[in-house]
Amino acid sequence: MCGIVGLHLREPSLYPRLGELLTGMLGEMVDRGPDSAGMAIYGDPTFSPAGHASVSVLGAEPGIAAAASAALGVDVTAIDLPPTTVLHAPVPAHELTTAIRSVDPGATVIGFGDEVTVLKGMGDPLDLARGFGLPAAIGRQGVGHTRMATESAVTAAGSHPFAVGPDQCLVHNGSFSNHLSVKRELEAEGVVFDSENDTEVGARFVAKHLAEGADLEKALRLLGERFDGFYTLLVSTADSFAVVRDPIACKPAIVAETDAYVAMASEFRALAHLPGIADAHLFEPEPDRVYVWNR
């Protein structure tokens with residue numbers, strides 16, 4: 001049992017409240033996943049400065065920013081939010097990611113892109129959110145997850161979101177029963193994994209198909225054809241926000257849609273405090289149907 005929350009803002013006047021609203025949503029899901037938590041924020045000017053790539057890592061050495069600066073020949077800055085470190089540089093995201101992996105091979109990249117920042121840690125999800133400064137975050141889209149570990153160890157690296165493609169992230173409630181066979185197929189194609197978590201397999205499967213030209217709806221349909229198990233997934237990219245449940249729809253999910261936002265959570269109580277919720281269109285996503293909202 002895990003808790004998922006996500007908020008896709010359509011109304012720019014709500015952008016300054018993204019972190020506040022997402023923190024409130026996450027707080028309602030603490031009892032669904034007290035082991036660890038993670039969150040992704042799109043468009044915050046501090047976490048993702050304009051004109052800079054952002055890369056989030058776990059296990060960074062103290063001198064990682066200076067070492068990356070020397071490797072790239074540009075100024076690399078860091079925000080330390082233990083156990084996550086967020087690094088910025090005025091270069092393409094893949095260049096900054098490559099440099100970080102080169103100068104600090106022991107660090108684990110947990111998110112990268114031009115608009116997304118991923119923050120992960122172990123412990124009480126609300127304590128983590130406050131420590132990361134989530135309540136003050138500004139932006140247009142956010143995703144959060146509270147984890148109750150089942151198939152792999154309780155670690156920050158094993159928490160969600162899994163953000164393995166540029167400006168992409170995936171959170172998951174449930175389990176993939178055939179993830180090891182899919183993982184072997186992906187490894188044979190050269191895909192490298194950072195954890196033993198089944199969710200990472202799903203995230204890398206989706207990222208691979210997006211990189212090969214599929215849109216998000218197609219990538220999630222392909223996932224549904226290949227993966228077995230019970231799951232609700234929330235997947236976000238720089239311009240999309242998507243929800244899908246398995247064909248049995250065993251894991252809970254509810255969506256609230258208004259002119260100002262689309263919000264998704266594992267339970268309604270995570271949505272109850274949102275502005276305009278009394279007039280929102282509320283629905284449970286249908287089994288095996290991919291819902292996508294675009295920017």
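The values are calculated or read from the model by the stated rules, or taken from the named source; none is laboratory data. Because the structure is a prediction, the values reported are computed rather than measured. Cβ placement follows ideal geometry from the backbone for every residue including glycine, while neighbour counts extend to all protein chains displayed. The protein model used for the area step is the full one, side chains on, heavy atoms only, and it has no ligands, DNA or RNA in it. Shrake-Rupley method; radii C 1.70, N 1.55, O 1.52, S 1.80 Å.
For segment 168-216, with all protein chains present and a 1.4 Å probe, just round the carbon and sulfur fraction of the accessible area to a whole percent. Roughly 49 percent, rounded to a whole number. Remark: spin-label model distance E225-A153 equals 3.7 nm, labels positioned 7 Å along the Cα→Cβ axis. Residue order by solvent-accessible surface for F132, F230 is F230, F132, largest first, with ligands and nucleic acids left out and a 1.4 Å probe.
Less than 5 angstrom separates the built amide H of S36 from those of G123, R147, all sequence-distant by 5 or more or on a different chain. Amide H contacts for T84 (H built 1.01 Å from N in the peptide plane; partners 5 or more residues away or on another chain; cut-off under 5 Å): K120. The gain in end-to-end length when the M1 to H273 segment is fully stretched comes to 95.7 nm, 0.36 nm per residue minus the alpha carbon separation. If you average the C-alpha positions of segment 1-76 and of segment 258-290 separately, how far apart do those two centres end up, in angstrom? The distance from the Cα centre of segment 1-76 to that of segment 258-290 comes to 22 Å. With contacts taken as Cα pairs under 8 Å at a separation of at least 6 residues, the chain carries a relative contact order of 24 percent.
Count Lys and Arg as plus one, Asp and Glu as minus one, and take only other residues whose Cβ is under 11 Å from that of R10; the net charge is then -1. Evaluating 6.51 cos²θ - 1.76 cosθ + 1.60 at θ = phi - 60° for every residue in segment 52-67, the Karplus couplings come out as 10, 7, 10, 10, 9, 9, 10, x, 6, 6, x, x, 4, 5, 5, 5 Hz, glycine and proline recorded as x.
The string of couplings for segment 124-132 from the Karplus curve (6.51, -1.76, 1.60, θ = phi - 60°) is 4, x, 5, 4, 5, 4, 5, x, 6 Hz, one whole number per residue in order, with x for Gly and Pro. Does segment 44-84 classify as rounded, prolate or oblate by the C-alpha gyration tensor (a ≥ b ≥ c root eigenvalues; a/c under 1.5 gives rounded; else a/b over b/c gives prolate, otherwise oblate)? Note, shape of segment 44-84 comes out oblate.
The overall shape of segment 1-137, judged from the alpha-carbon gyration tensor, is oblate: a/c is not under 1.5, and a/b is no greater than b/c.
Could you provide, to the nearest whole Å², the per residue accessible area of the chain with probe 1.4 Å? If you can, show how the numbers build up before the last one.
Numbers: 11300 Å² over 295 residues.
So the chain comes to 38 Å² accessible per residue, rounded to a whole number.
Determine the shape class of the chain: with a ≥ b ≥ c the square roots of the Cα gyration tensor eigenvalues, call it rounded for a/c under 1.5, and otherwise prolate if a/b is greater than b/c, oblate otherwise.
Working: a/c = 1.56, a/b = 1.21, b/c = 1.30.
Taking the square roots of the gyration eigenvalues as a ≥ b ≥ c, the chain is oblate.
The string of couplings for segment 207-220 from the Karplus curve (6.51, -1.76, 1.60, θ = phi - 60°) is 4, 4, 6, 5, 5, 8, x, 5, 7, 5, 4, 5, 4, 6 Hz, one whole number per residue in order, with x for Gly and Pro.
Accessible surface comparison of K218, K120, probe 1.4 Å, protein chains only, largest first: the order is K218, K120. Charge tally around P49: other residues with Cβ under 14 Å, Lys/Arg +1 each, Asp/Glu -1 each, net -4.
For the peptides 198-209, 99-110, what is the packing order when you average, over each peptide's residues, the other Cβ atoms within 10 Å and list the highest mean first?
On the way: 198-209: 23.7, 99-110: 18.9.
Taking the mean over residues of other Cβ atoms within 10 Å, the ranking is 198-209, 99-110.
Once backbone amide H atoms are built at 1.01 Å from N, I110 has S56, V57, L58 as its partners under 5 Å, excluding neighbours fewer than 5 places away on the same chain. Compared with the alpha-carbon gap, the fully stretched path from N294 to A71 is longer by 76.6 nm at 0.36 nm per residue.
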